[in-house]
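What follows is a single structure, written as structure tokens, with notes after it.
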Amino acid sequence: DGGITQSPKYLFRKEGQNVTLSCEQNLNHDAMYWYRQDPGQGLRLIYYSQIVNDFQKGDIAEGYSVSREKKESFPLTVTSAQKNPTAFYLCASKGGGLADNNEQFFGPGTRLTVL
Amino acid sequence: EDQVTQSPEALRLQEGESSSLNCSYTVSGLRGLFWYRQDPGKGPEFLFTLYSAGEEKEKERLKATLTKKESFLHITAPKPEDSATYLCAVQASGSGNTPLVFGKGTRLSVIA
């Protein structure tokens, strides 16, 4: 089955620690995205990558880092510089520009809690 | 700046009571408008993409429509299993991978 997987489902972090959230897709999509979701705030874009070995900052990139070494994988690192990291993190991928494959699909999410 | 506003924030319906959710948008050239359904603790599930004013799409009890300034998600005779948060997003003109801009969602509760 084609889709997007995220791991772990739940993650607990102590203050001062870096943690990495995994996102893998087998949809052969070029573009991948990371969003953060907080109650009442909607989805906010952290980073996105339109092609392997390239990525751009989104609206709230401070305190986060990413890499895109493979088409299938787009891991997100939440660094100790992120002051309020407790949130629900969503990864997504998207097909190219043609109308019939322009859909963006989401993974199941990772809930990060800072202790 | 591209912006999406959804209303109402929350909506409570009796089973069978039809209604509509609104998504107003401002965007520098619309490439596409997207509707998603999100259940608590899960990732959003894709519902529809609309590309031009006048376009309509249907799926079971849901119908999405689009004008030049807003989109509506009409829910006909809803059932309790339709309870979820419905998200609207727009993609501005550009490459096919330009990031979507999301609204804050409408939380729908359907009571039996």
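The values are calculated or read from the model by the stated rules, or taken from the named source; none is laboratory data. A quick note: this is a predicted structure, and the numbers were derived from the prediction, not measured. Glycine gets a Cβ as well: all are built from the backbone with ideal geometry, and neighbour counts include every protein chain shown. Surface accessibility is based on the protein's heavy atoms, side chains included, excluding ligands, DNA and RNA. Shrake-Rupley method; radii C 1.70, N 1.55, O 1.52, S 1.80 Å.
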Checklist entry - Based on the Kirkwood radius over alpha-carbon pairs, what value in µm²/s does the Stokes-Einstein equation return for the translational diffusion coefficient of the protein assembly as shown at 37 °C and 0.692 mPa s? => result 182
Checklist outcome for this item: Note: B:81-90 gets an average of partner chain Cβ contacts (10 Å, Cβ to Cβ) equal to 1
Checklist entry - How many partner chain Cβ atoms sit within 10 Å of a residue's Cβ in peptide B:33-42, on average, as a whole number? => result 2
Next on the checklist: Ignoring solvent entirely, what values of log10 I(q)/I(0) come out of the Debye formula for chain A at 0.10, 0.14, 0.20 Å⁻¹ when each Cα is a single scatterer?
Outcome noted: -0.27, -0.53, -1.05
Item to check | Volume per residue of the C-alpha convex hull in the stretch A:45-84, rounded to whole Å³ | outcome: 63
Checklist entry - Amide H neighbours of A:VAL114 under 5 Å, counting only residues 5+ apart in sequence or on other chains, H built in-plane at 1.01 Å? => result A:ARG13, A:THR86
Checklist outcome for this item: A correct Kirkwood calculation over the Cα atoms of the stretch B:1-90 returns a hydrodynamic radius in Å of 13.4
Checklist entry - Relative to the Cα centre, what is the charge dipole magnitude of the protein assembly as shown, using +1 at the beta carbon of each Lys and Arg, -1 at the beta carbon of each Asp and Glu, and rounding to the nearest 20 debye? => result 460
Item to check | Apportionment of accessible area to carbon and sulfur, chain B, percent (1.4 Å) | outcome: 47
Checklist entry - Between chains B and A, what is the buried accessible area summed over both chains (1.4 Å probe, protein heavy atoms, nearest 100 Å²)? => result 1800
Next on the checklist: Using a 10 Å cut-off around each Cβ of peptide A:50-61, what is the average number of partner chain Cβ atoms that fall inside?
Outcome noted: 1
Item to check | In range of the label at B:SER95: residues from the stretch A:11-43 whose backbone nitrogen is under 16 Å from the point 7 Å along Cα→Cβ | outcome: A:29-34
Item to check | Amide hydrogen neighbours beyond the local backbone of A:ALA31, cut-off 5 Å, H modeled | outcome: A:LYS94
Checklist entry - Any idea what the dipole of chain A comes to, in debye rounded to 20, about its Cα centre with Lys/Arg Cβ at +1 and Asp/Glu Cβ at -1? => result 440
Checklist entry - How large is the dipole of chain B about the Cα centre if only Lys and Arg carry +1 and Asp and Glu carry -1, each at its Cβ, rounded to the nearest 20 debye? => result 100
Item to check | Histogram of C-alpha separations across the stretch A:14-64, 5 Å bin width, % | outcome: 5, 15, 23, 25, 19, 10, 3, 0
Checklist outcome for this item: The local net charge around A:THR110, scoring Lys/Arg +1 and Asp/Glu -1 for residues other than A:THR110 whose Cβ lies under 13 Å from its Cβ, equals +4
